[in-house]
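The values are calculated or read from the model by the stated rules, or taken from the named source; none is laboratory data. Just so you know, these numbers come straight off a predicted model, no measurement behind them. Cβ: placed from backbone, ideal geometry, glycine included. Neighbour counts: every protein chain shown. The accessibility values were calculated without ligands, DNA or RNA, using every heavy atom of the protein model including side chains. Shrake-Rupley method; radii C 1.70, N 1.55, O 1.52, S 1.80 Å.
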Amino acid sequence: HNMTIHPISPQSSVLFLELSQFQDPNQQEDIRKVLQDFIGVEDMPPAEPYVRPYENAPGEINICDDEYRAIREILVGHGTRAARWIQDYLLAEENSSNRDRVVLSSREGFVAAIQKWSTDPCV
């Protein structure tokens, strides 16, 4: 890529979570603890996965319909490149300027989650 990489400010940290991590019961307690520490609260309710509060909204599409296959291919391509960039630049072990400021509840869980961005969820 041709983007300039700026280190995260020494006074700041950045917390990264991928939404699917909330659905993994093996990660939920770790996520809760990391969020609790990151935002500086003494106690936090358990993390729970999102439950859609409605059946279908007017105008809602189903991205898995065959007519949206080309759009899914574009989105999967963007997801593949984004996941690779996150791993190669943001989480890279040799990038010591960011290593101590990037907060993850589980590196393995986060990386596994973003690697799924390379797969069409409808196939």
Next item on the list: Tell me, please, whether a residue that is over 18 Å from S13 (Cα atoms) and touching a residue at least 24 places away in the same chain (Cβ under 8 Å) can be found in the range 87-108.
Entry: no
Check: Which condition number does E42 fail, the rest of (1) of a type outside the set (V, I, T); (2) modelled with pLDDT of 80 or more; (3) within 17 Å of I114 (Cα to Cα) being met?
Finding: (3)
Notebook entry, point to check: Does any residue in the range 1-26 that is among the β-branched types (V, I, T) come within less than 6 Å, Cβ to Cβ, of a residue that is part of a strand (DSSP E or B) and modelled with pLDDT of 65 or more six or more places away or on a different chain, and which pairs are these?
Noted result: I8/V14; V14/V102
Next item on the list: Count, please, the residues in the range 29-77 that happen to be surrounded by 12 or more Cβ atoms within 10 Å (Cβ to Cβ), in a loop (DSSP other than H, G, I, E, B) and free of Cβ contacts under 8 Å to residues at least 40 places away in the same chain.
Entry: 3
Check: Is it true that H1 is modelled with pLDDT of 90 or more and either under 26 Å from C122 (Cα atoms) or part of a loop (DSSP other than H, G, I, E, B) (or both)?
Finding: no
Checklist line | Answer residue from the range 97-123, given it is assigned to a helix (DSSP H, G or I) and open to solvent by 70 Å² or more (accessible area, probe 1.4 Å) and is modelled with the lowest pLDDT among those | finding: R99
